[in-house]
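A.B. asks: The following block contains the structure, expressed as structure tokens.
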Amino acid sequence: MKLLTSINGNPFIFDSGSPRILEHVIEGAAKNGVIERLVINSINSYNLTERLLKNINKHGVQNAIIQIFNPHDTTAWGRLKVLQDLLAKLEDTTLNNLLVDCAITDVNSITEVIKIFRYVKDKWNLPVGAAPCNLTYILRKRTPEFIGKNYKSFDTALNMLLRCYGADFLIYGHVKSYNRIFKAIYTHDLVVRGLSADKF
């Protein structure tokens, strides 16, 4: 924790599906005086325990990514139900900076995730995004005949697609991916800025 927090003054994300591990990270961040920089990822229906909630409030955690994964209903509306439930549980906590990971789980879920983006922004005014790298990793492992050696092209295109449809953040995976992902998103943003200039 000391090494991580001494690098710079930027926020840092810690990702774990285990509530006990998240509790230890929160306690460590508080002990090292960097609780305001900690972003816990990801809070979901499975790891949001009463003990974790108490830990969040005790140490004043402000930032979190909430993941709206619903294995029982993978439609946009199923995911939104999870979001509503999570927001209700988090309403009286110290968390005041929330990002919503709309949870890409397979190729078909991309459509459902894109449907959610605008709705969440309009209804709750929360930043939305996803971790497309998870799908890329799954496809490389389970269906190599589908993605093959072109996984980088697939992954880059998927990141840009989500950005085109309103993603405010993208979890792109391994740090080695940043160069191609950043260039793709930068190109997208340049085009959007040019179009919004309203010049011909």
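The values are calculated or read from the model by the stated rules, or taken from the named source; none is laboratory data. Small disclaimer: the values here were computed from a predicted structure and weren't measured. Quick reminder, even Gly has a Cβ in these numbers, built from the backbone with ideal geometry, and neighbours come from all protein chains shown.
A.B. asks: Would you mention how many residues in the range 28-55 are part of a helix (DSSP H, G or I) and surrounded by fewer than 22 Cβ atoms within 10 Å (Cβ to Cβ)?
C.D. replies: Of all residues in the range 28-55, those part of a helix (DSSP H, G or I) come to 28-31, 35-37, 50-55.
Okay, now just the ones that are also surrounded by fewer than 22 Cβ atoms within 10 Å (Cβ to Cβ), so 28, 30-31, 35-37, 50-55.
The qualifying residues number 12.
A.B. asks: In the range 61-78, which residue that is in contact (Cβ under 8 Å) with a residue 40 or more places away in the chain and touching a strand residue (DSSP E or B) at 6+ places or on another chain (Cβ under 9 Å) is nearest to PRO127 (Cα to Cα)?
C.D. replies: Initially, the range 61-78 is screened for residues in contact (Cβ under 8 Å) with a residue 40 or more places away in the chain, giving 63, 65, 68, 76.
Those left that are additionally touching a strand residue (DSSP E or B) at 6+ places or on another chain (Cβ under 9 Å): 63, 65, 68.
Details: ASN63: 12, ILE65: 10, ILE68: 13 Å.
Out of the qualifying residues, it is ILE65.
A.B. asks: Test LEU22 against the stated conditions and say whether it is crowded, with 17+ Cβ neighbours inside 10 Å, in contact (Cβ under 8 Å) with a residue 12 or more places away in the chain, part of a loop (DSSP other than H, G, I, E, B) and not assigned by TED's automatic domain parsing to the domain that holds PHE169.
C.D. replies: So LEU22 fails the test.
A.B. asks: In the list VAL191, VAL175, VAL113, which residue meets the criterion of being surrounded by 12 or more Cβ atoms within 10 Å (Cβ to Cβ) and of a type outside the set (Asp, Glu)? Break it down into steps so the answer makes sense when it comes.
C.D. replies: Values: VAL191 fails: surrounded by 12 or more Cβ atoms within 10 Å (Cβ to Cβ); VAL175 fails: surrounded by 12 or more Cβ atoms within 10 Å (Cβ to Cβ).
Residue meeting the stated conditions: VAL113.
A.B. asks: Return the residues of the range 128-151 that are surrounded by 18 or more Cβ atoms within 10 Å (Cβ to Cβ) and under 30 Å from ASN97 (Cβ atoms); say none if nothing qualifies. Reasoning before the result, please.
C.D. replies: Filtering the range 128-151 for residues surrounded by 18 or more Cβ atoms within 10 Å (Cβ to Cβ) gives 128-133, 135-136, 139, 147.
Within the range 128-151, VAL128, GLY129, ALA130, ALA131, PRO132, CYS133, LEU135, THR136 meet the criteria.
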